[in-house]
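The values are calculated or read from the model by the stated rules, or taken from the named source; none is laboratory data. What you see is a predicted model, and the numbers here were worked out from it, not measured in a lab. With ideal geometry, Cβ positions are generated from the backbone for all residues, glycine too; neighbour counts draw on all protein chains shown. Just so you know, the surface numbers come from the protein's heavy atoms only, side chains and all, with ligands and any DNA or RNA stripped out. Shrake-Rupley method; radii C 1.70, N 1.55, O 1.52, S 1.80 Å.
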Amino acid sequence: MKASGRRSRWKSQFALQSMVWPGLLFLLVFSYVPMYGILIAFKKYDLFLGIMDSPWAGLTYFREFVTDPNFQNVLRNTLAMNLLALLLSFPAPILFALLLNELTAGRFKRFVQTVSYVPHFVSWVIFGGLILTVLSPSNGVLNLLLVKLHVVEEPINFMAKPELFWFIMVGAEMLKGIGWGAIIYIAAIAGVDPELHEAAKIDGAGRFQRMRYVTVPSIMGTIVIMLIFAVSAILNTGFEQIMVMQNPLNLDVSETIDTYVYKVGLGQMRYSYSTAVGLAKSLVALILLFGANYVSRKLSDNSLF
């Protein structure tokens, strides 16, 4: 009986665990096996010699990036856009989810959710093109509206004004991701105990008071976890959106680490250089992840691990 029981349990576990194997295989093949290529960052990589036979270069390419004359500029742009996004874009899905949760009309609520999700599934090439069309100085909707309302006398070439680029990028990213980013918060809000709201309502709390004192504290764990992820990605501005919106007139404020590495590292076939920068970014992200997790655990008792 015992042997048959063990065999039965093994069969049931085998059926369940076999569902995980394709995911583990995918992770192994596409995430762990390619880590062998990290060696390129420490070698003067020659395409014809291969990774192992290429001469050793040590930390040469790391020093080369840090001492590059453009390093300070690309680091400033990367940090500025990410910090601005952290300040403006991070709270936006939370606020959107809270307000969406207060809607009582079911059809209208589903309509708003659907419309807010759509931009996430549109590529940055198309979405960025729409933004550029709206901001166009010749026939853009925004300029036509500003001129009609006599806010400005002449159309503004928004993409030619470096001082506006960071705000345009953060606004576009917020518009594209607010609906999709709110999904996890909507799910967290759905898990809030209704009895807490009923108790607050009996105590005389209004709708916004319940939102502030019941809903937000109940989903604070989710907010903190997402904030940790956002902090760890502070050097990752993305590539597609910057390349779509970038032009020679705003290059001084739009060149980030991702676009610079693409142009210098891959465009000029300097594979060791681009790998070194990518590895450095990953190490910084790992340090920020552990640091943000440690601070969160000390301050709020919420953490990833």
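Assigning unit charges at the beta carbon (Lys, Arg +1; Asp, Glu -1) and nothing else, what dipole magnitude in debye, to the nearest 20, does the stretch 1-160 show about its Cα centre?
Numbers: 13 positive and 7 negative charges, 283 e Å.
My answer is approximately 1360 debye.
Using each residue's phi in the stretch 70-75, evaluate 6.51 cos²θ - 1.76 cosθ + 1.60 at θ = phi - 60° and report the 3J(HN,Hα) Karplus result to the nearest Hz, with x for Gly and Pro.
Couplings: 8, 4, 4, 5, 5, 5 Hz.
Report, by chain and number, residues whose modeled amide H sits under 5 Å from the one on K43, excluding near sequence neighbours (fewer than 5 apart, same chain).
A57
Considering only protein heavy atoms and a 1.4 Å probe, what is the carbon-and-sulfur percentage of the accessible area of the stretch 30-79? If you can, show how the numbers build up before the last one.
Numbers: 2300 of 3420 Å².
Roughly 67 percent, rounded to a whole number.
Using only alpha carbon pairs under 8 Å that are at least six residues apart, calculate the relative contact order of the chain and give it in whole percent.
Details: 284 pairs, mean separation 79.6, N = 305.
Worked out over the chain, it gives 26 percent.
Can you pull the percent of the stretch 176-305's accessible area that's carbon plus sulfur, 1.4 Å probe, other chains left in place? The partial results should precede the final answer.
Numbers: 4550 of 7000 Å².
About 65 percent, which is the carbon plus sulfur part of the accessible surface.
How long are the semi-axes of the ellipsoid equivalent to the stretch 184-259, from square roots of 5 times the Cα gyration tensor eigenvalues, in whole Å, largest first? Before the final figure, lay out the partial values.
Numbers: eigenvalues 356, 36, 18 Å².
The three semi-axes for the stretch 184-259 are 42, 13, 9 Å.
Calculate the translational D of the chain in whole µm² s⁻¹ from Stokes-Einstein, where the hydrodynamic radius comes from the Kirkwood formula applied to all Cα pairs, the temperature is 4 °C and the viscosity 1.567 mPa s. Please report the intermediate quantities before stating the final value.
Values: Rh = 23.5 Å.
Rounded to a whole number, D works out at 55 µm²/s.
If you average the alpha carbon positions of the stretch 12-85 and of the stretch 169-221, how far apart do those two centres end up, in angstrom?
37
Which sequence of V277, V147 reflects their accessible areas, 1.4 Å probe, from the largest down?
V147, V277
Specify, per residue and in Å³, the volume enclosed by the convex hull of the alpha carbon atoms belonging to the stretch 35-169. Walk me through the intermediate numbers first.
Numbers: hull volume 30.5 nm³, N = 135.
In the stretch 35-169, the Cα hull volume divided by residue count equals 226 Å³.
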